[in-house]
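K.L.:
Could you have a look at this structure, given as structure tokens, before my questions?
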Number of protein chains: 2
Amino acid sequence: MSELLTLHANPLTREAFAPYGDVIEMQGHEPAPMNQGWGERYADLARVDVADADGEPRICIVRSLPESIPVPLRLIERHPLGSQIFMPLAPQPFLVVVGPAGEVPAREQLEAFVSTGGQGVNYHKGVWHHPMIALDAVTDFITIDRKGPGDNCDEADIPGGGVQVRV
Amino acid sequence: MSELLTLHANPLTREAFAPYGDVIEMQGHEPAPMNQGWGERYADLARVDVADADGEPRICIVRSLPESIPVPLRLIERHPLGSQIFMPLAPQPFLVVVGPAGEVPAREQLEAFVSTGGQGVNYHKGVWHHPMIALDAVTDFITIDRKGPGDNCDEADIPGGGVQVRV
């Protein structure tokens, strides 16, 4: 049994999250006016990467139950065939835990981020991540991932286990 | 100048909206458990129809300013090359005004719906619609539409003009 490892979640920023995917947010983007002045568009915030020969986008709503800090990690998973967006449908905080694409990462390679509301994430294809962790309340997310044939979810135990996340 | 026509917005339901597109909501769908019991998925709620040879999904956030009832309609538009999802990022009410795909609809063919929060819409390819109408507050939507070459927005005056919407 490994010693307990505590990950401290950092603020979710585009720069820090860039190795793993996109942060979907308005902050730092210049909007374009639209709808005769009644709207503005923050355009092209994430890359949806699902359109291989057999894949197409799938739209779901995922409801996540809140977990208590420190959050013990259960496992990690990846989607080898497509990207995956999670955008909260209310400005609730949530935790994101990720590791590099490729071989199952060592537990020391995992990184944790906290979204403080109004931000979503897009995991790029193959990026290891923990299942979504809601914090304060039941949180609904719209998700955009791949629909199509093939096995698009690999799960793995975290080598050595014993990892928890604090904010 | 035509006589003023008042459209009364009906509740947004999947059945009533089916000729125009999808309603994205949890209600009436059976979720599947996921994430080791910490989540549930309401799967495959809308058809994203953007993947012609040159198209791919585009993810934006659109911020809409609220309008006052009765709302005078300005114009209608359609996207001949792709579907378009609007999902509010907070449970705010909004108005949707649609008309059948094809020739520019007569003003009597327009239909109005009110979403009372927690619902989004997906306009199918070519369906005429008014720009999004927020009601009570500035409302942010995540949108999923088509990115790619070609002219994907036709705008038209409403024949005869003089249409307003009440709830």
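K.L.:
I need a count of the residues in the range B:18-49 that are of a type outside the set (Gly, Ala, Ser) and within 16 Å of the chain's Cα centre (by Cα).
P.N.:
Number of matching residues: 10.
K.L.:
I'm trying to understand the selection: among the residues of the range B:4-28, which are part of a loop (DSSP other than H, G, I, E, B), open to solvent by 60 Å² or more (accessible area, probe 1.4 Å) and either within 21 Å of B:Gly102 (Cα to Cα) or not polar (S, T, N, Q) (or both)? It would help to see each step written out before you state the result.
P.N.:
The initial filter retains those residues of the range B:4-28 that are part of a loop (DSSP other than H, G, I, E, B), namely B:4, B:9, B:12-13, B:18-20, B:25-28.
From what's left, open to solvent by 60 Å² or more (accessible area, probe 1.4 Å): B:4, B:19, B:27-28.
If the condition is that a residue be part of a loop (DSSP other than H, G, I, E, B), open to solvent by 60 Å² or more (accessible area, probe 1.4 Å) and either within 21 Å of B:Gly102 (Cα to Cα) or not polar (S, T, N, Q) (or both), then B:Leu4, B:Pro19, B:Gly28 are the ones that fit.
K.L.:
Among what's in the range B:108-125 and is closer than 15 Å to B:Ser83 by Cβ and open to solvent by less than 10 Å² (accessible area, probe 1.4 Å), pick the residue that is farthest from the other protein chains (Cβ to nearest Cβ). Explain how you work it out, then say what you get.
P.N.:
Pass one, the range B:108-125, residues closer than 15 Å to B:Ser83 by Cβ: B:120-125.
Okay, now just the ones that are also open to solvent by less than 10 Å² (accessible area, probe 1.4 Å), so B:120-123.
Values: B:Gly120: 7, B:Val121: 12, B:Asn122: 8, B:Tyr123: 13 Å.
Only one residue fits best here, namely B:Tyr123.
K.L.:
If you don't mind, there's one more thing I want to ask. Take the range A:68-82 and flag every residue that is surrounded by 16 or more Cβ atoms within 10 Å (Cβ to Cβ) and either within 16 Å of A:Thr6 (Cα to Cα) or more than 10 Å from chain B (Cβ to nearest Cβ) (or both).
P.N.:
Selection gives A:Val71, A:Leu73, A:Arg74, A:Ile76, A:Arg78, A:His79, A:Leu81, A:Gly82.
K.L.:
Is it true that some residue in the range A:93-100 is assigned to a loop (DSSP other than H, G, I, E, B), under 23 Å from B:Ile61 (Cβ atoms) and under 14 Å from the mean Cα position of the chain (by Cα)?
P.N.:
Yes: the range A:93-100 contains one or more residues that are assigned to a loop (DSSP other than H, G, I, E, B), under 23 Å from B:Ile61 (Cβ atoms) and under 14 Å from the mean Cα position of the chain (by Cα).
K.L.:
I would also like to ask the following. Looking at this structure, is A:Ile158 in contact (Cβ under 8 Å) with a residue 60 or more places away in the chain, buried (at least 19 other Cβ atoms within 10 Å of the Cβ) and in a loop (DSSP other than H, G, I, E, B)?
P.N.:
yes
K.L.:
Would you confirm whether any residue within the range A:47-54 is modelled with pLDDT under 95, facing chain B (nearest Cβ under 7 Å) and over 26 Å from A:Asp157 (Cα atoms)?
P.N.:
Yes: one or more hits.
K.L.:
Further question on the same structure: Tell me which residues, restricted to the range B:105-148, are modelled with pLDDT under 95, on the phi < 0 side of the Ramachandran plot and not hydroxyl-bearing (Ser, Thr, Tyr).
P.N.:
B:Asp136 - this is the single residue of the range B:105-148 that is modelled with pLDDT under 95, on the phi < 0 side of the Ramachandran plot and not hydroxyl-bearing (Ser, Thr, Tyr).
K.L.:
Return the residues of the range A:83-96 that are crowded, with 17+ Cβ neighbours inside 10 Å and either farther than 24 Å from A:Pro149 by Cβ or facing another protein chain (nearest Cβ under 8 Å) (or both); say none if nothing qualifies.
P.N.:
Correct list: A:Ile85, A:Met87, A:Pro88, A:Leu89, A:Gln92, A:Pro93, A:Phe94, A:Leu95, A:Val96.
K.L.:
For A:Ala51, indicate whether it is closer than 25 Å to B:Ile85 by Cα, open to solvent by 20 Å² or more (accessible area, probe 1.4 Å) and small (Gly, Ala, Ser).
P.N.:
It is true that A:Ala51 is closer than 25 Å to B:Ile85 by Cα, open to solvent by 20 Å² or more (accessible area, probe 1.4 Å) and small (Gly, Ala, Ser).
K.L.:
If a residue counts only when it is polar (S, T, N, Q), which strands (runs of 3 or more DSSP E) contained entirely in the range A:50-92 have at least 1 such residues?
P.N.:
Of the strands (runs of 3 or more DSSP E) lying wholly inside the range A:50-92, those with at least 1 residues that are polar (S, T, N, Q) span A:56-64, A:84-88.
K.L.:
Next question. I'd like the full set of residues that are among the β-branched types (Val, Ile, Thr), under 12 Å from B:Met132 (Cβ atoms) and in contact with a Leu (Cβ under 9 Å, 6 or more places away or on another chain), limited to the range B:67-100.
P.N.:
B:Val71, B:Val96, B:Val97, B:Val98
K.L.:
For residues in the range B:126-136 being open to solvent by less than 30 Å² (accessible area, probe 1.4 Å) and farther than 12 Å from B:Gly21 by Cα, which is nearest to the other protein chains (Cβ to nearest Cβ)? I'd like the intermediate steps shown before the answer.
P.N.:
Taking the range B:126-136 as the starting set, the residues that turn out to be open to solvent by less than 30 Å² (accessible area, probe 1.4 Å) are B:126-135.
The next check asks that each one be farther than 12 Å from B:Gly21 by Cα; those that pass are B:130-135.
On the way: B:His130: 9, B:Pro131: 4, B:Met132: 7, B:Ile133: 8, B:Ala134: 8, B:Leu135: 12 Å.
Only one residue tops the list, namely B:Pro131.
K.L.:
I would also like to ask the following. Would you check if there is a residue in the range B:33-43 being among the aromatic types (Phe, Trp, Tyr), open to solvent by 50 Å² or more (accessible area, probe 1.4 Å) and part of a loop (DSSP other than H, G, I, E, B)?
P.N.:
Checking the range B:33-43: at least one residue is among the aromatic types (Phe, Trp, Tyr), open to solvent by 50 Å² or more (accessible area, probe 1.4 Å) and part of a loop (DSSP other than H, G, I, E, B).
K.L.:
Against the conditions (1) touching a Phe, Trp or Tyr at 6+ places or on another chain (Cβ under 8 Å); (2) over 19 Å from A:His8 (Cβ atoms), where does A:Pro105 fall short? Just the number, please.
P.N.:
Result: A:Pro105 passes all but (2).
K.L.:
Still on this structure: Restricting the search to the range B:116-138, which residues are of a type in the set (Val, Ile, Thr), part of a loop (DSSP other than H, G, I, E, B) and within 11 Å of the chain's Cα centre (by Cα)? If you could, list the steps in order and put the result at the bottom.
P.N.:
Looking only at the range B:116-138, we keep the residues that are of a type in the set (Val, Ile, Thr), and these are B:116, B:121, B:127, B:133, B:138.
Now narrow it down to the ones that are part of a loop (DSSP other than H, G, I, E, B): B:116, B:127, B:138.
Result: B:Val127, single match.
The values are calculated or read from the model by the stated rules, or taken from the named source; none is laboratory data. Please read these numbers as outputs of a predicted model, since none were measured by experiment. Cβ: placed from backbone, ideal geometry, glycine included. Neighbour counts: every protein chain shown. Surface areas here come from the heavy atoms of the whole protein model, side chains and all, with no ligands, DNA or RNA. Shrake-Rupley method; radii C 1.70, N 1.55, O 1.52, S 1.80 Å.
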